[in-house]
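Accompanying notes for the structure given below.
The values are calculated or read from the model by the stated rules, or taken from the named source; none is laboratory data. Predicted, not measured: the structure shown is a model, and the values here were computed from it. In this analysis, Cβ positions are derived from the backbone assuming ideal geometry, glycine residues included, and neighbour counts consider all displayed protein chains. Keep in mind that these areas ignore ligands, DNA and RNA; they rest on the heavy atoms of the full protein, side chains included. Shrake-Rupley method; radii C 1.70, N 1.55, O 1.52, S 1.80 Å.
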Amino acid sequence: MSCLYINWNEINLFFLIGAMIAGILATMSISFITRYSRIKQDSALGIILTVFFGIGIVLLTQIQHSASGNQSGLDKFLFGQAASMVHSDVYTMAGISLFLIGVSIVFFKEFKLLSFDPGFAKGIGLPTMILDQFIMLLLVIAVVIGIQAVGVVLMAALLITPAVSARYWTEKLHVMIILAGLFGGTSGLIGTIISTWANNLPTGPLIVLSATSIFVVSIVLAPSRGVLAKAMRQKRAKTEILNQQQLKQAIKDGNA
Amino acid sequence: MMNHIWIMLIGALVASSCSLVGCFLVLRKMSMIGDAISHAILPGIVIAFLLSGTRDSFVMMIGAAVIGIITVFLIQMFQNNGVQSDASIGVVFTALFAGGVVLVSLFTRQVDLDLDCVLYGEIAYAPWDTFIINGMELGPKAVWIVGSIFLLNILVIGLFYKQFKLCSFDPAMAAALGIPVVFFHYLLMSLVSLTTVSSFESVGAILVVGMIIVPAATAYLLTDRLFIMIIYSMIAGIASAVLGYYFAYLMDASIAGCMIMVAGFLFFITLFASPKHGVLFKKWRRKN
């Protein structure tokens with residue numbers, strides 16, 4: 001029975017497999033709901049998220065056999081424990097990360113087509129359904145190993161924020177991917193360094209806050225898409241129109 | 001015996017007020033906003049606690065509601081700036097949540113907040129936290145808080161039903177008719193924020209998020225008319241609360257978890273068997 005008391009501190013093979021099965025089931029249910037009913041993506045996501053979480057809590061309380069016993073150990077699962085990882089965890093994570101990067105490089109062309117024009121991808125004979133599920137599988141793997149470091153909620157931040165920041169700097173997918181990876185890695189480094197400055201600073205949230213800072217810098221400073229660049233463009237356009245109007249006025253005055 | 005009724009009543013009230021605003025969120029493709037708010041308000045709770053020094057739920061609720069509206073405002077701002085709506089929600093709520101966790105860790109000596117407790121209030125304990133005026137026991141606090149938010153929701157949505165309806169289905173036309181679309185957007189978001197905050201303190205975040213989305217989506221599969229959709233979603237919500245409590249009692253399992261499981265089960269059945277938009281009937285119709 002000891003395996004029922006889940007030790008979140010180590011990357012447990014059973015835990016990984018269980019999480020992966022649940023993750024695959026969840027992504028498949030979401031695509032089933034959006035494909036075969038008029039429920040939109042966001043609602044399908046929310047339904048699967050909460051119902052799966054509910055089932056998880058029910059199972060957990062069943063294991064512990066107390067109706068109100070708060071989910072012991074769940075807080076570590078929710079907030080992450082980057083500081084308590086050991087050497088072997090790091091090797092496992094590094095290996096899986098390298099694997100994910102390798103797969104993304106090999107299937108780069110297919111994934112690119114699938115993201116930009118799924119209709120065309122289907123037209124030229126790519127198995128879009130399988131590829132879709134394959135991306136989801138990679139995502140699930142990334143999430144499952146990331147939960148260790150930053151916890152379940154903030155995992156979402158590491159998936160979204162660096163990518164959104166990278167989107168601001170470029171219009172090319174491969175540049176965006178490399179930038180996103182760099183931004184994510186940098187936030188991990190900065191967050192971890194800051195968390196060593198004082199006692200009791202949690203690593204996961206600080207990593208997320210570093211990623212958010214990069215996002216804010218990107219949204220303000222990025223060339224052509226950033227707020228500053230847009231404001232400057234607007235100003236330039238305004239002065240140009242003003243100049244033209246003045247010129248017209250001057251010509252009119254000259255004619256008169 | 002009384003406790004059973006109180007818990008079911010609290011569950012039903014949470015379900016009704018959540019599904020009332022949930023219908024509009026599902027229609028506007030903003031379902032995840034409830035999830036975002038329920039996490040993002042953590043710094044609001046911590047700051048309210050640090051400023052006031054009390055763990056009075058009213059003060060915390062105000063702090064949380066303020067941050068809830070700031071969350072919505074930030075999400076909207078990034079969206080106007082060209083970030084996709086789901087990405088914008090993800091960026092904002094995770095950043096605020098991270099800020100909250102850091103605040104809790106920084107002031108850990110002053111803040112005696114149990115994160116588990118803040119995020120996952122337990123409906124089983126709600127009946128014990130009673131509301132007392134002049135020594136008179138007036139029933140659980142949660143019933144009063146959630147009940148008054150429910151009434152507020154009904155009042156505001158009832159008063160501006162036409163405006164909300166038009167803003168959800170055709171914001172461009174609403175704007176053309178002179179309805180202040182932005183104002184109603186923020187009014188609805190304030191209601192969502194208040195509902196989330198008031199409910200999850202007593203029943204836990206996951207139940208609130210579930211009750212906002214699942215019953216409304218169930219109702220969305222059953223009808224094409226907004227008013228009927230609201231009624232159906234409330235019925236589905238209340239049924240999940242009552243049946244869920246019954247199952248939790250039978251199986252000795254988490255109450256919130258069981259309520260969501262029942263809501264999910266109802267959705268699942270509707271997804272396949274709904275006469276209008278169900279998977280099975282659609283297939284059958286295509287065959288004939």
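Checking A:Val103 against (1) open to solvent by less than 30 Å² (accessible area, probe 1.4 Å); (2) modelled with pLDDT of 90 or more; (3) closer than 26 Å to B:Ala217 by Cβ, which single condition isn't satisfied? So A:Val103 meets the others, but not (3). Can you name the number of the only condition in (1) modelled with pLDDT under 85; (2) in a helix (DSSP H, G or I); (3) within 14 Å of chain B (Cβ to nearest Cβ) that A:Phe15 fails? Among (1) modelled with pLDDT under 85; (2) in a helix (DSSP H, G or I); (3) within 14 Å of chain B (Cβ to nearest Cβ), the lone unmet condition for A:Phe15 is (3). Counting only helices (runs of 4 or more DSSP H) that fall entirely inside region B:139-228 and contain at least 3 residues that are among the hydroxyl-bearing types (Ser, Thr, Tyr), the qualifying elements are B:181-203.
Right, B:Tyr220: open to solvent by 10 Å² or more (accessible area, probe 1.4 Å), of a type outside the set (A, V, I, L, M), within 14 Å of chain A (Cβ to nearest Cβ) and closer than 29 Å to B:Ile45 by Cα or not? In short, no.
Of the candidates A:Val220, A:Val153, the single residue that is among the β-branched types (Val, Ile, Thr), under 30 Å from A:Leu100 (Cα atoms) and part of a helix (DSSP H, G or I) is A:Val153. For residues that are among the hydroxyl-bearing types (Ser, Thr, Tyr) and in contact (Cβ under 8 Å) with a residue 60 or more places away in the chain, tally how many sit in region A:101-118. Going through region A:101-118 one residue at a time, the tally reaches 1.
What pairs come out if I take residues in region A:202-220 that are free of Cβ contacts under 8 Å to residues at least 24 places away in the same chain and pair them with residues that are assigned to a helix (DSSP H, G or I) and among the hydroxyl-bearing types (Ser, Thr, Tyr) whose C-beta lies under 7 Å away, six or more apart or interchain? Pairs that qualify, where the first residue is free of Cβ contacts under 8 Å to residues at least 24 places away in the same chain and the partner is assigned to a helix (DSSP H, G or I) and among the hydroxyl-bearing types (Ser, Thr, Tyr), are A:Leu206/A:Ser195. Going through (1) at pLDDT below 75; (2) loosely packed, with under 12 Cβ neighbours inside 10 Å; (3) within 21 Å of A:Ala142 (Cβ to Cβ) one by one, A:Gln81 falls short only on (2). The set of residues in region A:197-219 that are among the aliphatic types (A, V, I, L, M) and either surrounded by 17 or more Cβ atoms within 10 Å (Cβ to Cβ) or facing another protein chain (nearest Cβ under 10 Å) (or both) comprises A:Ala198, A:Leu201, A:Leu206, A:Ile207, A:Val208, A:Leu209, A:Ala211, A:Ile214, A:Val216, A:Ile219.
Residue pairs whose Cβ atoms lie under 7 Å apart, separated by 6 or more positions or on different chains, with the first residue in region A:34-47 and more than 7 Å from chain B (Cβ to nearest Cβ) and the second of a type in the set (Gly, Ala, Ser), are A:Thr34/A:Ala44.
The numbered conditions (1) surrounded by fewer than 16 Cβ atoms within 10 Å (Cβ to Cβ); (2) under 12 Å from the mean Cα position of the chain (by Cα) are all true for A:Ile160 except (1). Does region A:196-205 contain at least one residue that is at pLDDT 90 or above and among the aliphatic types (A, V, I, L, M)? Checked against the condition, which is being at pLDDT 90 or above and among the aliphatic types (A, V, I, L, M), region A:196-205 yields no hits at all. With respect to the conditions (1) without any contact (Cβ under 8 Å) to a residue 60 or more places away in the chain; (2) under 23 Å from A:Met20 (Cα atoms), A:Leu179 falls short on a single one, namely (2).
Taking region B:1-29 as the range and being free of Cβ contacts under 8 Å to residues at least 60 places away in the same chain and either assigned to a helix (DSSP H, G or I) or buried (at least 24 other Cβ atoms within 10 Å of the Cβ) (or both) as the test, only B:Ile5 passes. The set of residues from region B:75-110 being aliphatic (A, V, I, L, M), open to solvent by less than 50 Å² (accessible area, probe 1.4 Å) and more than 8 Å from chain A (Cβ to nearest Cβ) comprises B:Ile75, B:Ile89, B:Val92, B:Leu96, B:Leu103, B:Val104.
Only one residue in A:Ile194, A:Ile190, A:Ile141 is surrounded by fewer than 22 Cβ atoms within 10 Å (Cβ to Cβ) and away from chain B (no Cβ under 14 Å), so which one is that? Just one listed residue meets the conditions, A:Ile141. You will find that of A:His65, A:His87, the residue that is within 7 Å of chain B (Cβ to nearest Cβ), open to solvent by 30 Å² or more (accessible area, probe 1.4 Å), at pLDDT below 85 and farther than 14 Å from B:Ile206 by Cα is A:His65 and no other. As for region B:49-63, it holds at least one residue that is open to solvent by 30 Å² or more (accessible area, probe 1.4 Å) and polar (S, T, N, Q). Within region B:185-206, residues that are on the phi > 0 side of the Ramachandran plot have Cβ atoms under 9 Å from residues that are among the aromatic types (Phe, Trp, Tyr) and open to solvent by 10 Å² or more (accessible area, probe 1.4 Å) in these pairs: B:Gly204/B:Tyr120, counting only partners at least 6 apart in sequence or on another chain. Considering only residues in region B:242-263 that are over 14 Å from B:Ala124 (Cβ atoms) and surrounded by 21 or more Cβ atoms within 10 Å (Cβ to Cβ), the one that is farthest from the other protein chains (Cβ to nearest Cβ) turns out to be B:Val262.
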